[in-house]
Amino acid sequence: MSAVPATIAPRVRVTKFLTNLALGGTEKQVVGLAGALDRERFDVEIACFGRWGELVDAVERLGVTVDEYPVRALARFGTVRQQFRFAATLAARRTQVMHSYNFYANVFALPAARLAGVPCVVASIRDTGAYLDSAKRRLQRLACRFAHRVVVNADAIRNWLIEDGYDGARIITIPNGLDVRGYTGPRGGHAFRDELGIPRDARLVLLLARVNRQKGIDYFVEAAAEVLLACPGTHFVIVGGNFDREHGHSHPEGEYRREVEAAASRLGLSAHLHFTGFRDDVPAILAEADLSVLPSLSEGLSNTLLESMAAGTPVVATRVGGTPEAIDDRVHGLLVPPRDAAALAHAMSMVLTDEVLARRLGAHARTRVADRYSFDQMARETGSLYERILDEKISIQRPQ
C-alpha cells in the first residue's frame, strides 16, 4: 500500500509596490527582504512606477518579477487608469498580500489593493514626513485607512504617526535588516584613498547619504572646517548621489551641492572635501574610514547608519528619528543635536583624537547590529505579520 503524499501548502503570493528601484534606503530594504523571505512560504513579486535604478540587476538576480505602472503624477487621469490596471492584475493573480512603501506608493497602491479584494494589505511609512506638506500627510493618512496594518521601522515614526491621527493599534514596528556578513572584512587598505588622492596616513571621515538638504550636509561642512583645525590633514568624503527620473542615472542634486561647495570654498575646505557620487563598494570604503557621520535633520532608521555600525566604523550622528533607538550615546556612537555644527564638530574631533574611544564605539556598534538588525530577523517578523493578518481574515470568514 503506497503512502499518501503530504499536502504541500501553496505559497503566499506577495506583491511589493515601490516608486522605483533606485538605490535608496527603502529600496535596498525591500529588495533585501524579497531575497530573505522564505521562498517555500512566499512567492514575491515587485511592482513600481518605473523599472529603473541601480537595484534592477539585484532584483533580476533574485528571479523576482517586476511589473511597471508608469505614473508621472498622482493627480492625473492616467493615474486612475493605472490603478485599475494594478487592481486587475492583483485580482487575476489572486494576490494574497500587497505591501506598499512610502507616500506615492501608498496613495496609489492601497486603494487598488482593497478594490481587488486582496486579503492582506500593508502600508509602510519609513520617515517622519519631513518631505511632505500638510495636504500630502492628510492624503497618506486617508490612503492608509485601506491598509490592515502600517509597518514602520522605528518607534519614533510610530509615535509621530499616532500624534498625526493614526490608529496606534494598527501600527507595527519592524526595524531594518542588514546582512552583516558583507561588513566584517579586515579594516584598513588604501585603494579608496589612492583613487581620490588622499594621503594614506590622513584621517578619513565619511558621510554616506544622498545629497539633499534633509541630510544636513551643510552643517557637516561647517563642522568639518572646525575639525580641520583640531585635526590637520583630515579629509572628508561625501558618498552618494540622487537619481535622474528622466534618464535613470545617478547624479548629485545640483543646486544644493553648489551651495555646499560654495560653503566649503568660503571655509577653506575645498582641498579636503570630496564628492564621489553613487558607489557600490560601501563596505570596502567603510573599512578605510576613521569615522562615519550622519548629520541628518530627519531620519527613519538609516541604512547607512547600520552599515557603518556593522563595519565597526565609529559613528557620530544626530539625535533624530530612529537613530537613538540604534545608538546608545557614548556606547555605540556619539549623538548630537541636529542643526548644531559646533556640537557635531566637537563629537567628530573627540573620535578622531581618541583611538581608545573610537575602537570601543566601533566594536560595540558592530555587536549591536549583529544582535538586533539582521535581514533574517526582519524577514521572520514580516512573514509572521503577513500570516497573522491572513489568519485573521480566514477566522472572520469561517462560519461559526
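The values are calculated or read from the model by the stated rules, or taken from the named source; none is laboratory data. The shown structure was predicted, so the numbers you read here are calculated from the model rather than taken from an experiment. Virtual Cβ from ideal backbone geometry, glycine too; neighbours counted across all protein chains shown.
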Some residue of segment 325-334 being in contact (Cβ under 8 Å) with a residue 60 or more places away in the chain and either of a type outside the set (G, A, S) or not assigned by TED's automatic domain parsing to the domain that holds A209 (or both): yes
Every residue from segment 141-170 that is touching a Gly at 6+ places or on another chain (Cβ under 8 Å) and under 19 Å from V30 (Cβ atoms): V152, N153, A154, I157
Residue list for segment 350-382, restricted to those being more than 18 Å from Y183 (Cβ to Cβ), hydroxyl-bearing (S, T, Y) and either in contact with a helix residue (DSSP H, G or I) (Cβ under 6 Å, 6 or more places away or on another chain) or not assigned by TED's automatic domain parsing to the domain that holds P232 (or both): T382
Output for segment 139-157, where each listed residue is under 20 Å from P324 (Cβ atoms), crowded, with 20+ Cβ neighbours inside 10 Å and not aliphatic (A, V, I, L, M): N153
Residue ID - surrounded by the most Cβ atoms within 10 Å (Cβ to Cβ), chosen from residues in segment 259-280 that are free of Cβ contacts under 8 Å to residues at least 60 places away in the same chain and within 20 Å of the chain's Cα centre (by Cα): R279
